[in-house]
1. Which condition does residue 146 not pass, out of (1) over 19 Å from residue 56 (Cβ atoms); (2) touching a residue at least 12 places away in the same chain (Cβ under 8 Å); (3) part of a loop (DSSP other than H, G, I, E, B), if it passes all the others?
2. Is one or more of the residues making up segment 256-270 out of contact with any Lys or Arg (no Cβ under 7 Å at 6 or more places or on another chain), within 15 Å of residue 6 (Cα to Cα) and assigned by TED's automatic domain parsing to the domain that holds residue 20?
3. Can you tell which of 199, 274 is assigned to a helix (DSSP H, G or I), buried (at least 20 other Cβ atoms within 10 Å of the Cβ) and not small (Gly, Ala, Ser)?
4. Output the residues belonging to segment 51-90 that are assigned to a helix (DSSP H, G or I), touching a residue at least 40 places away in the same chain (Cβ under 8 Å), under 16 Å from residue 134 (Cβ atoms) and not charged (D, E, K, R).
5. Would you please name the residue that is surrounded by the fewest Cβ atoms within 10 Å (Cβ to Cβ), looking only at residues in segment 245-263 that are without any contact (Cβ under 8 Å) to a residue 24 or more places away in the chain and under 18 Å from residue 53 (Cα atoms)?
6. Could you tell me whether residue 104 is among the aromatic types (Phe, Trp, Tyr), within 15 Å of residue 134 (Cβ to Cβ) and either in contact (Cβ under 8 Å) with a residue 40 or more places away in the chain or in a helix (DSSP H, G or I) (or both)?
7. How many residues does segment 1-41 hold that are surrounded by fewer than 21 Cβ atoms within 10 Å (Cβ to Cβ) and either touching a strand residue (DSSP E or B) at 6+ places or on another chain (Cβ under 9 Å) or not in a helix (DSSP H, G or I) (or both)?
8. Would you tally the residues in segment 116-131 being at pLDDT below 95, hydrophobic (A, V, I, L, M, F, W, C) and surrounded by 13 or more Cβ atoms within 10 Å (Cβ to Cβ)?
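The values are calculated or read from the model by the stated rules, or taken from the named source; none is laboratory data. Given the structure is predicted, the values throughout are model-derived calculations rather than measurements. Don't worry about glycine lacking a Cβ; one is built from the backbone with ideal geometry, like all the others, and counts go over all protein chains shown.
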Amino acid sequence: MDMLNDAEGFLRLNARLIDRHRFALHFRGAGPAPVLAALRPYENPDGGYGHALEPDLRGEASQPVPAQHALEILHETGADDDPAVARIAAHLETITAPDGGVPFVLPAGPEAPRAPWWRTTDTEPPGSINPTASLAGLLYRAGLPENPWLKNAAEFCWRYLEAPGAEPGPYDVLAILTFLDHTPERDRAEAAFTRHRATLAAAATLDPHAEGAVHSPLDLAPTPHGYGRRLFTDETVQAHLDALAAARRPDGGWTVGFLIWTPVTEPEWRGHITVERLLTLRAYGMIGT
């Protein structure tokens, strides 16, 4: 309980409103309405999301990854049937590349501040497995299997997974696991998981005390369910759970290992990741509600 109390104090001092409400939803018995109300201002008239819902994209315009974040938040509030889900799917149709995938990031004017890794020199960037696979998996989970965008996006994902020589990076692996967890084509998913298992597992750093911009097994398996958990032994997962609990800072929150390129993103990311870390620890029985 002290961990939750300390985290709550950290969030009250530092976190965005939406993450404070997410904490209250998951750990204080609050309802979903405040989370949904906090999400609405990030939505644009085109059905996409911007306005720093993804903290490293500070501009107002809709981008693909913030749409992924919105779907995740809608799901955790039990709002898979919210009209915003269909609006996201419709928006994705307008930004999909000719190859059937959604670009990692869309070009924007120089006035749109963003982290260095969120820039593209392509005026018409190609589709990317990240975030196309995440978006497809989340829309499957939301109950839109017949959506026209989803059908084409799924074929984009399958072409990637079934082509020889795929070399996904860590964030690609996260997207692939989301897709494989939720696609209705279970036999095909199992075959793809078996084929890529070693590559997927290699995205994680097994040293539980590694620092910096690394992905731990718990990033790939934030709950005991799904393909990510099957990549690692019980002993490895427990070692990382122990290290995760110990990594909590004296102020009650967790931090991130990647570059903080402008000061405001540090408390925003720390608020978000603190809620995520608590959810993972609870999912594995390390803390109660």
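1. Result: residue 146 fails condition (2) only.
2. Among the residues of segment 256-270, at least one is out of contact with any Lys or Arg (no Cβ under 7 Å at 6 or more places or on another chain), within 15 Å of residue 6 (Cα to Cα) and assigned by TED's automatic domain parsing to the domain that holds residue 20, which makes the answer yes.
3. Every option except 274 fails the conditions.
4. Residues satisfying the conditions are 64, 65, 67, 68, 71, 73, 74, 75, 85, 88, 89.
5. The qualifying residue surrounded by the fewest Cβ atoms within 10 Å (Cβ to Cβ) is 263.
6. Details: among the aromatic types (Phe, Trp, Tyr): yes; within 15 Å of residue 134 (Cβ to Cβ): yes; either in contact (Cβ under 8 Å) with a residue 40 or more places away in the chain or in a helix (DSSP H, G or I) (or both): yes.
Spelling it out, residue 104 is indeed among the aromatic types (Phe, Trp, Tyr), within 15 Å of residue 134 (Cβ to Cβ) and either in contact (Cβ under 8 Å) with a residue 40 or more places away in the chain or in a helix (DSSP H, G or I) (or both).
7. Qualifying residue count, segment 1-41: 7.
8. Matching residues across segment 116-131 total 1.
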